[in-house]
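Asker: Dropping a structure here in structure tokens format, bear with me for questions.
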Amino acid sequence: MTERTFSIIKPDATRRNLTGAINAVIEGAGLRIVAQRRVKLSTDQAKKFYEVHAERPFYGELVEQMTAEPVVVQVLEGENAVAAYREVMGATNPEQAAEGTIRKQFALSIGENSVHGSDSQDNAKLEIAQFFTEDQIVG
Ligand code: DAT
Ligand code: MG
């Protein structure tokens with residue numbers, strides 16, 4: 001089924017000029033970038049986005065990293081896009097990420113792991129709505 005997922009190219013990657021290289025992996029996996037914008041997240045935006053992790057010990061560091069430099073927010077579309085993007089992203093910890101995945105190739109650490117991708121269709125819808133209106137998504 002064709003569906004959409006939400007992606008963020010994180011500050012560690014934009015800082016190293018890796019937006020194009022990461023987009024090439026995304027497109028190579030058959031996902032279409034149907035919306036994309038570069039944005040500097042505010043602390044409030046980053047806190048809200050990662051609210052589910054608020055009680056975790058790494059939450060403060062995560063919010064700091066996500067607001068340190070601009071990010072690129074994206075909507076990706078394709079066959080089973082949520083699962084397909086999680087697969088091409090690789091494991092959260094880059095040491096455990098499979099060969100050829102974005103995190104294996106580009107991540108610096110478990111915290112600075114280059115990309116975010118939604119973990120379910122429900123979360124994809126909620127995350128997309130935090131950054132894009134329907135008319136900004138051109139499939
Ligand atoms: P994912 O981004 O693979 O969905 P997650 O939702 O569990 O992973 O965590 C969100 C982000 O929080 C993750 O991309 C990086 C950071 N993070 C997770 N676990 C961490 C840890 N043990 N130490 C530092 N940062 C961590
Ligand atoms: Mg997650």
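The values are calculated or read from the model by the stated rules, or taken from the named source; none is laboratory data. If you're wondering where the values come from, they're calculated on a predicted model, not measured in any experiment. A quick note on method: Cβ atoms are made from the backbone with ideal geometry, for glycine too, and the neighbour counts reach across all protein chains shown. To get the accessible areas, we keep the full protein, side chains included, count just its heavy atoms, and leave off ligands, DNA and RNA. Shrake-Rupley method; radii C 1.70, N 1.55, O 1.52, S 1.80 Å.
Asker: Would you tally the residues in the stretch 63-86 being in contact (Cβ under 8 Å) with a residue 24 or more places away in the chain and open to solvent by 20 Å² or more (accessible area, probe 1.4 Å)?
Answerer: 10
Asker: So which residues in the stretch 96-139 are outside any loop (DSSP other than H, G, I, E, B) and small (Gly, Ala, Ser)?
Answerer: Listed by number, the residues that qualify are 117, 124, 129.
Asker: Same structure again: Could you tell me which residue of the stretch 17-27 is farthest from residue 109 (Cα to Cα), considering only residues that are free of Cβ contacts under 8 Å to residues at least 24 places away in the same chain and open to solvent by 30 Å² or more (accessible area, probe 1.4 Å)?
Answerer: In this case the residue turns out to be 27.
Asker: Can I ask one more? Is the stretch 112-122 home to any residue that is farther than 17 Å from residue 25 by Cα, without any contact (Cβ under 8 Å) to a residue 12 or more places away in the chain and either of a type in the set (Phe, Trp, Tyr) or surrounded by fewer than 19 Cβ atoms within 10 Å (Cβ to Cβ) (or both)?
Answerer: Taking every residue of the stretch 112-122 in turn, at least one turns out to be farther than 17 Å from residue 25 by Cα, without any contact (Cβ under 8 Å) to a residue 12 or more places away in the chain and either of a type in the set (Phe, Trp, Tyr) or surrounded by fewer than 19 Cβ atoms within 10 Å (Cβ to Cβ) (or both).
Asker: If I go through the stretch 92-124 residue by residue, how many of them are under 17 Å from residue 53 (Cα atoms) and small (Gly, Ala, Ser)?
Answerer: 5
Asker: Being acidic (Asp, Glu), in a helix (DSSP H, G or I) and within 12 Å of ligand 1 (Cβ to nearest atom) is true for just one of 61, 27. Which residue is that?
Answerer: Details: 27 fails: within 12 Å of ligand 1 (Cβ to nearest atom).
Sole residue among the options that is acidic (Asp, Glu), in a helix (DSSP H, G or I) and within 12 Å of ligand 1 (Cβ to nearest atom): 61.
Asker: Here is a further query. Run down 91, 97 and say which single residue is surrounded by 15 or more Cβ atoms within 10 Å (Cβ to Cβ), within 13 Å of ligand 2 (Cβ to nearest atom) and either touching a residue at least 60 places away in the same chain (Cβ under 8 Å) or closer than 20 Å to residue 12 by Cα (or both).
Answerer: After ruling out the rest, the residue left standing is 91.
Asker: Can you pull out every residue in the stretch 30-43 that is crowded, with 18+ Cβ neighbours inside 10 Å and in contact with an Asp or Glu (Cβ under 8 Å, 6 or more places away or on another chain)? Please lay out each step first, then the result.
Answerer: Filtering the stretch 30-43 for residues crowded, with 18+ Cβ neighbours inside 10 Å gives 31, 35, 41.
31, the sole residue that qualifies.
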